[in-house]
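The values are calculated or read from the model by the stated rules, or taken from the named source; none is laboratory data. None of these values were measured; they are calculated from a predicted model. Positions of Cβ are backbone-derived with ideal geometry, glycine not excepted, and every protein chain shown enters the neighbour counts. Side chains included, ligands, DNA and RNA excluded: accessible areas come from the protein's heavy atoms. Shrake-Rupley method; radii C 1.70, N 1.55, O 1.52, S 1.80 Å.
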Amino acid sequence: HPFLLKNGLRDFPTFVINILTIYGNILVYFKLPDWVKDWDKSLKEKDDDPSDVIALKRFLNGDEEYKKRCFKVMPELVDGPLPVRLLAPKNREFQLEFEDFMATSYSQQPAAGDLCPVMCLTLDLVTSSTIRGLVAIFRRNMPRITVDFACIIDPNENDQPSCVLGLWRMDHINGEDYPELPDRYVEDVVNPDDLDSIRASILVNRMSMRDVMSQKALSSLP
């Protein structure tokens, strides 16, 4: 998105977690080591690489199935009301990918000119009605919640190294005050009233904004 680029998203090699909810997006991003120059040559393992570097290289260079198996999250509820404490998972790491329950997908962009490479994990909290219900409870209590998250790369195999990708905290967030991201393709929309229908198409059909705009262009042809 041009707004994110303008504000430095790709000034460094970056790993992004894009959490999709019916209320908005939660964007978490980690600066990757400077040696991540691309998704090929810079990820080749060296004899003197420490174990955590090997774990990260194998994760970044792995296919989507490998990434889904390795990427785990360990949440810890630091502060929150009773309903949230009762629903909070135990302090253990778990995979994000559950079939038909919490879908994940990975995408990546190579370095280009002054733009550094970026990898994005998209976490779908919209499709599953169960997840939507849990998110609704969480959102109502967000101003009273503090949660710590550890993102871990762990293949869960005896001979495979692991590492901690990063730590982040959600601390008493007021969901009513989050900023709106400018519409990327607003200049392509002839009628501003179409924006709501476009967003609905993206949400229901899990289409990109570009796909929706392409369909609109095709449907307008004689």
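Worth pointing out:
- Of the residues in the range 121-129, not one is open to solvent by less than 20 Å² (accessible area, probe 1.4 Å), at pLDDT below 90, farther than 18 Å from residue 15 by Cβ and part of a helix (DSSP H, G or I).
- Restricting the range 103-119 to residues that are open to solvent by 30 Å² or more (accessible area, probe 1.4 Å) and assigned to a strand (DSSP E or B) leaves a set whose member that is farthest from residue 6 (Cα to Cα) is 105.
- Answer residue from the range 20-40, given it is open to solvent by 30 Å² or more (accessible area, probe 1.4 Å) and touching a strand residue (DSSP E or B) at 6+ places or on another chain (Cβ under 9 Å) and is nearest to residue 151 (Cα to Cα) among those: 29
- Meets criteria (farther than 18 Å from residue 112 by Cα and under 15 Å from the mean Cα position of the chain (by Cα)) for residue 54: no
- Residue check, residue 43 open to solvent by less than 70 Å² (accessible area, probe 1.4 Å), free of Cβ contacts under 8 Å to residues at least 40 places away in the same chain and in contact with a Leu (Cβ under 8 Å, 6 or more places away or on another chain): yes
- Selection count, the range 130-165, where residues are open to solvent by 30 Å² or more (accessible area, probe 1.4 Å) and in contact with an Asp or Glu (Cβ under 6 Å, 6 or more places away or on another chain): 2
- First in the range 63-89 and touching a residue at least 60 places away in the same chain (Cβ under 8 Å) and farther than 18 Å from residue 135 by Cα, second anywhere and of a type in the set (Lys, Arg) and in a loop (DSSP other than H, G, I, E, B), Cβ under 8 Å, 6 or more apart: none
- Matching residues in the range 89-110 - criterion: being within 19 Å of residue 28 (Cβ to Cβ) and at pLDDT below 75: 89, 93, 94, 95, 96, 97, 102
- Of all residues in the range 159-181, those that are within 18 Å of residue 72 (Cα to Cα) and at pLDDT 80 or above have Cβ atoms under 8 Å from Cβ atoms of residues that are hydrophobic (A, V, I, L, M, F, W, C) and in a loop (DSSP other than H, G, I, E, B), 6 or more apart or on another chain, in 170/145.
- Test for residue 145: is it of a type in the set (A, V, I, L, M, F, W, C) and closer than 18 Å to residue 68 by Cβ: no
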